[in-house]
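A short reminder: the numbers here are calculations on the coordinates, not readings from a lab. Since the structure is predicted, the reported quantities are computational estimates derived from the model, not experimental observations. All Cβ positions, glycine included, derive from the backbone under ideal geometry; neighbour counts span all protein chains shown.
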Amino acid sequence: MLAWEQFEIENPGDRSTSEKKGGELSMDYREKQILIRGSDFSINFSRESGEMTGWTSRGESLLDRGPETNVWRAATSNDMGTKFNGDPRFTWHWVQWTRHGLDRLQKSKLKLKVVKENSSQIVLEVRSRLSAEKTKIKVKTVYTISPEGEVTVNQYVKANKRLNWPKIGMMLELPGSYERVRWFGKGPHENYDDRSSGAAFGIYQSSINELSVPYVKPMENGNRSSVEWLEISKGNGRGIRVEGENLNFSAHRYTLQNLVEAKYDIDLKDSGSVWLNIDYKQNALGSESFMFNYLKKYILKGRKFNYTYTMKPGEDPAS
């Protein structure tokens, strides 16, 4: 093959909706958590963190903790910058990010409110603030739970400054028994918005271990971009399906902190969990250009961001 191209053809069938059938929802207020139950699932929300601390469907544990707002990534070589070009708009992003404390944000002023509660829909709103010495970020996350066990997440992020951000997204801690991922988006290999021309749209699958890229110096890796849906599953095929529009995702067995601190690939350790990143956007990776390391259109810059995705219990059809 010398060359290839893809064209999007609208498929009316993709927009059809099947009739949803589910039982009734109930909600139980407890001292430190809110417990939401459906006919075959239950979800725990922590009243202290505002995060889900448990999600069970048909007796299967799907999630341990999350989603947690995350704007940080392990610095790439280009994020660290070069001495060729000292213009901070195009290089040395890591210097800007750490100067503004994006690697040490602390959550505070959390408020969890029940917006709607009835047998057919429960809506929770979680407001919090992420802050460091020079940065304040207001976060509002709205969770809408349906009787079928679907959880729609709508997040609003508003910062006090217009910055170049490492990423805007959320991170989930899943049981270590997850093994595979199947997705519709760009692939099959690692790709980012400014490094995706060689990645074709398609339906791909991979083991979680094979998603990661073992760079000699550990850094941000394994992202897949332009994702419309993904299914992450255990050996029995049970798991979580995520649906959205133009999402990014990655999944690792090591923690973000481990990846940040590791000097060599052998320093990366299995944490016993799977860490799933569902991101609205990633900043550009850039290149080692003598003048400009990043193309402007791929730099993740702004003060306000809003994105939505839906999670639901899923089952890998290949299992």
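Here are some notes:
- For the chain, the 222 nm mean residue ellipticity estimated from helices alone, with every DSSP H stretch of n ≥ 4 adding -39500 (n - 2.57) and the total spread over all residues, rounds to -1500 deg cm²/dmol.
- Of all aspartates and glutamates in the structure, those lying under 17 Å Cα to Cα from residue 134, and not within fewer than 8 positions of it along the same chain, are 103.
- Kirkwood radius, region 23-315, all distinct C-alpha pairs, inverse of mean reciprocal distance: 19.8 Å.
- Using only side-chain charges placed at the Cβ, +1 for Lys and Arg and -1 for Asp and Glu, the dipole size of region 34-149 relative to its Cα centre rounds to 660 debye.
- Which of 130, 268, 171, positive extreme of dipole for the chain (C-beta unit charges): 130
- Residues 271, 128, 197, 207, arranged from fewest to most other Cβ atoms within 10 angstrom of their Cβ, appear as 197, 207, 271, 128.
- Across 158/301; 138/301; 116/136; 32/111; 136/304; 111/138, pairs whose alpha-carbon gap is larger than 19 Å: 116/136
- The ranking of 189, 93, 252, 100 from fewest to most other beta carbons within 10 Å of each one's beta carbon is 189, 100, 252, 93.
- What separates the Cα centres of region 146-160 and region 218-292 is a distance of 20 Å.
- Order of 259, 110, 174 - criterion: other Cβ atoms within 10 Å of each residue's Cβ, fewest first: 110, 259, 174
- Of 217/296; 113/234; 161/269, pairs whose Cα-Cα distance is over 30 Å: 113/234; 161/269
- Prolate/oblate/rounded call for region 28-71, Cα gyration tensor, a/c under 1.5 rounded: oblate
- Basic side chains Lys and Arg get +1 at the Cβ, acidic Asp and Glu get -1 at the Cβ, and with that the dipole of region 23-315 about its Cα centre reaches some 1480 debye.
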